[in-house]
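Colleague: Starting off with a structure, shown below.
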Amino acid sequence: IGVVLDRKDPDQGDIPSNQAWLYMILVSVTLAVAAIPEGIPLCVTIALSIGCSQMVEKNVLVRKLAAVETLGSASVICSDKTGTLTEGKMTMVNMWAGGVSYEVTGKGFDPTFGGIKNAHGRDAGKEISVRSALYAAVLCCNTTINKVVDPDNGEIKWEPKGNSSEAPIIVAARKVGFDEGKAASDNQRVMEVPFSSSRKMMLTVTDMSGRQELCPGGMKLDAGAKLVAVCKGAPNFILEYCTEKLERDGSVAQVSDTDKKRILKVVDEYSSKALRVLAIACVCMKELPFDPDDEEITTDTKFEGCRKNLRLLGLVASIDPDRDGVAESVLDARGAGIRVVMITGDYLKTATAIAHNVNILLPDDNETVTAVDCAKLRPDGKYLSNHDMDRITATVRVFARAKPEDKLEIVKSLQRQHLVTAMTGDGVNDAPALNQADIGVAMGIQGTEVAKDASDMILTADN
């Protein structure tokens, strides 16, 4: 400004060796240094580091220093359900087979307590439909349970090793006399298609050559059948491919649309109790519907060929207890003006029931507005426009039947609304959303390494 106005140093007059602009530059630099002290970056770094050390005492490992600052600005917390809001320790409490509902009694993962009871309280472990459903489910599992010594108190306890969704199936099967290790050694697995968020089910093909029945006391196999394909997964997806059902006496009947509606009502009944429901179905085959030596055949093609004309064997319903303190934490967040959103792959009824348990949904909330199936986000296989997507995510607090890409799109939508978004999760399918969120928070114990690498913070105690 001084140069533009051609200001002169009044003390030196017009002496060219003492031009005023030199002094103006000196004053400008002095003011700049005074306005932005050199120590500010150091002070900020020290302050954030102190915050990190204090959070370590609360079992929080901060991987990125800037996350400490962002954490205090969060306006929305998106959370996975299984293993995050819940303990991820499922226990089977009900099952349905042959058109009959059963209660599964017991305690935790201990297979030596409890059993399968019918409506009259009698043991149903010898019924054909029950044994067939549980044995087939075991053939479609990779989880085992074993006795281990608790390092804290030295007590012997039963502990599952593998997928938390399969553990209750293995425990229930043990209660009727089926050992998963023996089942694996007695039956050669020919093929496996692992569970995926898009397929919503897992499929295995087992060699049953020379066998007349699926298991001791189980259903009869079709004449000439050498292979049995078993599907385990979301009931509404599996029912879509079922053409038969196993009756209580071991006979086989056709499945009508009326039967499917009645079965889905059973699913809704279990789901409304916050139970996670899986369907078990199988199909007997003389040979694989594809050339096993053809290496160019994709997994999806193999899957589609083996899942045809399924026979519904039963439903299993497990409860996953809410994690201690979650309900109170959600209320605390609500009081601080932070909206908590649940994004889960579970059935809508199951998701809303758990959301009520942990205070994400309140008793007077309209579930038709606050909870949606993620299929509504992509009605024609393509996602809605940004405007329509933002309109939904602005009010919804429960997203059910979510795929990994759904979680990512939801986070992006919230960020478009200028909301500072935190995302918590523990699985591989949570990684894209954890990476996209302003603050990604992974579980330290049950969390996968992929989720941890994608996150900004890790809860070392999963709490």
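Colleague: In region 301-323, what residues are farther than 30 Å from V266 by Cβ and touching a residue at least 60 places away in the same chain (Cβ under 8 Å)?
Modeller: Within region 301-323, K302 is the sole residue that qualifies.
Colleague: Take G250 and decide whether it is on the phi > 0 side of the Ramachandran plot and not aliphatic (A, V, I, L, M).
Modeller: When the stated conditions are applied, G250 passes them.
Colleague: Any idea which residue in region 335-367 is most open to solvent (accessible area, probe 1.4 Å), counting only those that are of a type in the set (S, T, N, Q) and in contact with a strand residue (DSSP E or B) (Cβ under 9 Å, 6 or more places away or on another chain)?
Modeller: N357
Colleague: Another one. Is region 277-300 home to any residue that is open to solvent by 50 Å² or more (accessible area, probe 1.4 Å), part of a helix (DSSP H, G or I) and at pLDDT below 90?
Modeller: Checked region 277-300: at least one residue is open to solvent by 50 Å² or more (accessible area, probe 1.4 Å), part of a helix (DSSP H, G or I) and at pLDDT below 90.
Colleague: Taking the conditions exactly as written (modelled with pLDDT of 90 or more, of a type in the set (D, E, K, R) and surrounded by fewer than 16 Cβ atoms within 10 Å (Cβ to Cβ)), does K273 satisfy them or not?
Modeller: no
Colleague: For residues that are open to solvent by 30 Å² or more (accessible area, probe 1.4 Å) and of a type in the set (K, R), scanning just region 129-184, find the one that is nearest to V205 (Cα to Cα).
Modeller: K182
Colleague: What residue, among those in region 442-462 that are in a loop (DSSP other than H, G, I, E, B) and in contact with a helix residue (DSSP H, G or I) (Cβ under 9 Å, 6 or more places away or on another chain), is most open to solvent (accessible area, probe 1.4 Å)?
Modeller: Result: T460.
Colleague: Looking at region 239-255, which of its residues are without any contact (Cβ under 8 Å) to a residue 12 or more places away in the chain and either of a type in the set (D, E) or under 25 Å from S209 (Cβ atoms) (or both)?
Modeller: E240, S251
Colleague: With the requirement that a residue be of a type in the set (G, A, S) and either in a strand (DSSP E or B) or farther than 28 Å from I156 by Cβ (or both), what does region 93-110 give you?
Modeller: A97, G98, G99, S101
Colleague: Return only the number of the condition from (1) out of contact with any Gly (no Cβ under 8 Å at 6 or more places or on another chain); (2) surrounded by 22 or more Cβ atoms within 10 Å (Cβ to Cβ) that M95 does not satisfy.
Modeller: Checking M95 against (1) out of contact with any Gly (no Cβ under 8 Å at 6 or more places or on another chain); (2) surrounded by 22 or more Cβ atoms within 10 Å (Cβ to Cβ), the one that fails is (1).
Colleague: If you take the residues in region 392-432 that are of a type in the set (A, V, I, L, M, F, W, C), modelled with pLDDT under 90 and open to solvent by less than 20 Å² (accessible area, probe 1.4 Å), which one is farthest from N366 (Cα to Cα)?
Modeller: This residue is A431.
Colleague: Taking the condition more than 22 Å from the chain's Cα centre (by Cα), within 20 Å of P432 (Cβ to Cβ) and in a helix (DSSP H, G or I), does D390 pass?
Modeller: Yes, satisfied.
Colleague: Something else about it: Run down G381, G345 and say which single residue is touching a residue at least 40 places away in the same chain (Cβ under 8 Å), closer than 14 Å to D406 by Cβ and of a type outside the set (K, R).
Modeller: G345
Colleague: Suppose the filter is open to solvent by less than 30 Å² (accessible area, probe 1.4 Å) and modelled with pLDDT under 90; does T370 pass it?
Modeller: Criteria not met by T370.
Colleague: Need pairs with beta-carbon distance below 6 Å; first residue open to solvent by 10 Å² or more (accessible area, probe 1.4 Å) and within region 220-238, second part of a strand (DSSP E or B) and among the β-branched types (V, I, T); sequence gap 6+ or separate chains.
Modeller: L227/V205; K232/I280
Colleague: How many of the residues making up region 310-333 are surrounded by fewer than 13 Cβ atoms within 10 Å (Cβ to Cβ) and either at pLDDT below 90 or among the polar types (S, T, N, Q) (or both)?
Modeller: So the count comes out to 2.
Colleague: Open to solvent by 40 Å² or more (accessible area, probe 1.4 Å), in contact with a Gly (Cβ under 7 Å, 6 or more places away or on another chain), basic (K, R) and modelled with pLDDT of 90 or more: which single residue out of R248, R262 fits that description?
Modeller: Criteria check complete, one pass: R248.
Colleague: Just to be sure I understand the filter: pairs with C-beta atoms under 8 Å, separated by 6 or more residues or on different chains, first member in region 38-52 and under 11 Å from V62 (Cβ atoms), second member part of a helix (DSSP H, G or I) and open to solvent by less than 50 Å² (accessible area, probe 1.4 Å). Which pairs pass?
Modeller: Within 8 Å, the pairs are L48/V68; G51/V68; C52/V68.
Colleague: Mind listing whichever residues of region 185-211 are surrounded by fewer than 16 Cβ atoms within 10 Å (Cβ to Cβ) and under 25 Å from the mean Cα position of the chain (by Cα)?
Modeller: Residues satisfying the conditions are E192, P194, S198.
Colleague: Something else: When the residues of region 20-58 are filtered to those that are open to solvent by less than 80 Å² (accessible area, probe 1.4 Å) and assigned to a loop (DSSP other than H, G, I, E, B), which remaining residue is modelled with the lowest pLDDT?
Modeller: That would be P37.
The values are calculated or read from the model by the stated rules, or taken from the named source; none is laboratory data. On a predicted model such as this, the values are computed, not experimentally measured, just so you know. A quick note on method: Cβ atoms are made from the backbone with ideal geometry, for glycine too, and the neighbour counts reach across all protein chains shown. The accessibility values were calculated without ligands, DNA or RNA, using every heavy atom of the protein model including side chains. Shrake-Rupley method; radii C 1.70, N 1.55, O 1.52, S 1.80 Å.
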